[in-house]
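Okay, structure first, notes after.
None of the figures in this text is laboratory data; all of them are computed from the coordinates on show. As the structure is a computational prediction, the values presented were derived from the model and not from experiment. Cβ atoms come from the backbone with ideal geometry, glycine included; neighbour counts cover every protein chain shown.
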Amino acid sequence: MKNKHANIIPGFSLSLGYTLLYVSILVLLPVAMIFFNTLSMSWEEFWDTITHPRVVASYKLSFGTALAAGLLNVVFGTMIAWVLTRYQFPFKRIVDGLVDLPFALPTAVAGIALTTLYSPNGWLGQFFSFKIAFTPIGIIIALTFIGLPFVVRTVQPVLQNFSQEAEEASVSLGANRFQTFTKVIFPELMPAILTGFSLAFARALGEYGSVVFIAGNMPMKTEITPLIIMTKLEQYDYVGATAVATVMLVISFVLLLLINFIQWYTNRKFLPS
């Protein structure tokens, strides 16, 4: 007797095995090696390494600037996606293509370009009364630059597939534009916005190339955690580098798990089942 619940698509076992092997080799094994190398340290050595004042300052800077950049990308990325979806204007295709430029541009090139623009003698930096480059503000700009496409490309398809009949029905029932957006459109966009934010936030946490030039890399002020890890590697302190990387990995995993929970709760609360 055939199993009624058998998958109609053949090759499930083979594809599942390949998927598990692929994930294990490219994700699980490298992550496991980080924890394995860290285990060679005693608890006192591990604690002294991850709680060093210079390392703690880099945690605060990395997570704080990544959060700020992610929130900026949520606001402006959603606006850009809205404009690209709802309006027609000259050179729209060019503007739409430029959104993906941070994906194609090498991060080091982006960092050099942003530093040239926002340095005190730069094309834009010279017009500001305060410093942008070599400060946390410059780091936020760099992280916003590399994270913008994630929000735009996750929100844009939702807007394109959104039925305008729901908007027309809302207007016909007497809702104004603000009410239509907050009650009809925004709940549909929320899961995509959260997804874009989590992707931009995760990318910003591990970003190195576009930040290292514009940050200035001053200890306790503008030194990001990836630079701390690179510095320890250059000093052949592999165990110390993996210890700091372990903390970043654990905190990042917890934050992304929290974001995914919020996304699940939002789907359950706002979207129809």
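A Gaussian network model of the chain, with springs between Cα atoms under 10 Å, assigns the largest mean-square fluctuation among A200, A166, A133 to A166. Considering only L105, L21, L143, the Gaussian network model of the chain with Cα springs below 10 Å gives its largest mean-square fluctuation to L21.
Report relative contact order for segment 211-252 in percent, whole number only (criteria: Cα-Cα under 8 Å, sequence separation at least 6).
In percent, rounded to a whole number, it is 25.
Dipole magnitude for the chain: computed about the Cα centre from +1 point charges on Lys and Arg Cβ and -1 point charges on Asp and Glu Cβ, it is near 600 debye. Looking at V244, T266, G111, which one has the Cα that reaches farthest to the positive end of the dipole of the chain (charges on Cβ: Lys, Arg +1; Asp, Glu -1)? Positive-most Cα among the choices belongs to T266. Length available on full extension from F103 to S163: 0.36 nm per residue minus the Cα-Cα distance, which gives 18.6 nm. Highest GNM mean-square fluctuation among L98, L256, L117, for the chain modelled with Cα contacts below 10 Å: L98.
Ranked for footprinting exposure by Cβ neighbours inside 10 Å, fewest first, Y238, Y118 give Y238, Y118.
Here the extension length gained between E188 and Y236 equals 12.3 nm, from 0.36 nm per residue of separation less the Cα-Cα distance.
Normalised size of the chain, defined as Cα radius of gyration per 2.2 N^0.38 Å with N residues, equals 1.22. Once Rg and the Kirkwood radius are both taken over the C-alpha atoms of segment 151-273, their ratio Rg/Rh works out to 1.18. A dipole drawn for segment 42-270 from +1 and -1 charges on Cβ atoms has a positive end, and of F181, A57, F46 the residue lying farthest that way is F181. Each label was represented as a point 7 Å from its Cα along the Cα-to-Cβ direction; for L28 and L16 these points are 1.4 nm apart.
Could you give me D for segment 1-126, from Stokes-Einstein at 10 °C and 1.306 mPa s, where the hydrodynamic radius is the Kirkwood radius over C-alpha pairs? Units µm² s⁻¹, please.
In µm²/s, the coefficient is 76.
Across segment 76-148, how large is the tail of the calculated P(r) beyond 20 Å, expressed as a percent of all Cα pairs?
For segment 76-148, the fraction of Cα-Cα distances above 20 Å is 43 percent.
For V151, V31, what ranking results if the residue with the fewest other Cβ atoms within 10 Å of its Cβ goes first? Present the calculation step by step, with values, prior to reporting the outcome.
Details: V151 28, V31 14.
Ascending number of Cβ neighbours within 10 Å: V31, V151.
Scalar couplings 3J(HN,Hα) for segment 186-200, obtained by applying the Karplus form with A = 6.51, B = -1.76, C = 1.60 to θ = phi - 60°, are 4, x, 6, 7, 4, x, 5, 5, 5, 5, x, 5, 5, 5, 5 Hz; x denotes Gly and Pro. Exposure proxy shown here: for S210, S42, the number of other Cβ atoms within 10 Å sets the order, fewest to most, as S42, S210. One decimal place: the segment F178-V56 gains 39.6 nm when fully extended, by the rule 0.36 nm per residue minus the C-alpha distance.
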